[in-house]
Amino acid sequence: MPSTYTLISSNVLSSSAASVTFSAIPADYTDLVVRGSTRVSASTPVSLQFRYNGSSGGTDYSYINIRGNGSAASSDIISGNDSGAGAYANTVSTMTADTFSSWEFYIPSYLTSAKKPSSFIAAQETNATAANINAAANLWQGTAAITSIAFALSANNFVSGSSFYLYGIKNS
C-alpha cells in the first residue's frame, strides 16, 4: 500500500497542445501516478495515448479497454501497437461547455528491468447521456526504467486548461 505521494511535475495548458511530456523522471520512487483533467478539440471521442522514453513506433504496447456510456458497453483488445491507450478518455468539443474529463494512470515498479504493466481509469464529464467511463490495462514490452512519459491523442489537440500531474509513490 502506498504511503506517500510526491508531486514530481505538473502542466496546466495555457493554450492548445498536441501532446504533453514528462521527462527526466527521477528514480526516487517505486511507482508513478499521472492524474489528468482534459478536454479535446475533437467533436467525437478520441483515444488518449501514451509512450514511454520517447519510443516512436514499433509494436511494444498491448492493451485491453472496457467502456460504457449509459446505454451500451464495448471493449477491445489490441496487441503489437505503437502506443498504449485509454479509449474515449476525454471530454470533446460537442459536450457541455467548460467541462473536463478526469482520469488516472498508474504505473507500478517503473524502475524494474521487466515488462511494465499499467492501469488506467477515466470518466468523461458531461451533462449528456452518452458520456463514457473507461478502464484499461496496458503492457509495455520494454524493460528499461521509465524516464519519460508522453501523452497525445489519436486526433486533434488538448485544449487550454487541460491539466496533467505526475506523482511519485514511495511504498513503506
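The values are calculated or read from the model by the stated rules, or taken from the named source; none is laboratory data. Just so we're clear, the structure is a prediction, and the values are computed from it rather than from any experiment. Please note: Cβ atoms are built from the backbone with ideal geometry, for glycine as well, and neighbour counts cover all protein chains shown.
Entry remark, region 108-140: residues being surrounded by fewer than 21 Cβ atoms within 10 Å (Cβ to Cβ), of a type outside the set (Ser, Thr, Tyr), touching a Ser or Thr at 6+ places or on another chain (Cβ under 8 Å) and under 20 Å from Gly58 (Cβ atoms) number 4 in total.
The residue that is nearest to Tyr52 (Cα to Cα), among those in region 104-127 that are among the charged types (D, E, K, R) and assigned to a loop (DSSP other than H, G, I, E, B), is Lys115.
A quick yes/no check of all residues on (1) farther than 15 Å from Leu153 by Cβ; (2) β-branched (Val, Ile, Thr); (3) over 17 Å from the mean Cα position of the chain (by Cα):
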| residue | (1), (2), (3) |
| --- | --- |
| Thr21 | no, yes, no |
| Val46 | no, yes, no |
| Phe50 | no, no, no |
| Ile78 | yes, yes, no |
| Ser83 | no, no, no |
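The condition of being closer than 27 Å to Thr94 by Cα, polar (S, T, N, Q), surrounded by 12 or more Cβ atoms within 10 Å (Cβ to Cβ) and modelled with pLDDT of 95 or more holds for only one of Asn11, Asn65, that being Asn11.
Among the residues of region 137-172, write down those that are in a strand (DSSP E or B) and closer than 19 Å to Phe100 by Cα.
In the first step, residues of region 137-172 are kept if they are in a strand (DSSP E or B); the result is 137-140, 149-153, 158, 163-171.
Listed by number, the residues that qualify are Phe151, Ala152, Leu153, Phe158, Ser163, Phe164, Tyr165, Leu166.
Which one of Arg67, Arg35 is under 17 Å from Ser160 (Cα atoms), touching a residue at least 40 places away in the same chain (Cβ under 8 Å) and in contact with a strand residue (DSSP E or B) (Cβ under 8 Å, 6 or more places away or on another chain)?
Matching residue, one of Arg67, Arg35: Arg35.
Which numbered condition in (1) buried (at least 21 other Cβ atoms within 10 Å of the Cβ); (2) farther than 22 Å from Thr4 by Cβ is the only one that Ile77 fails? So Ile77 meets the others, but not (1).
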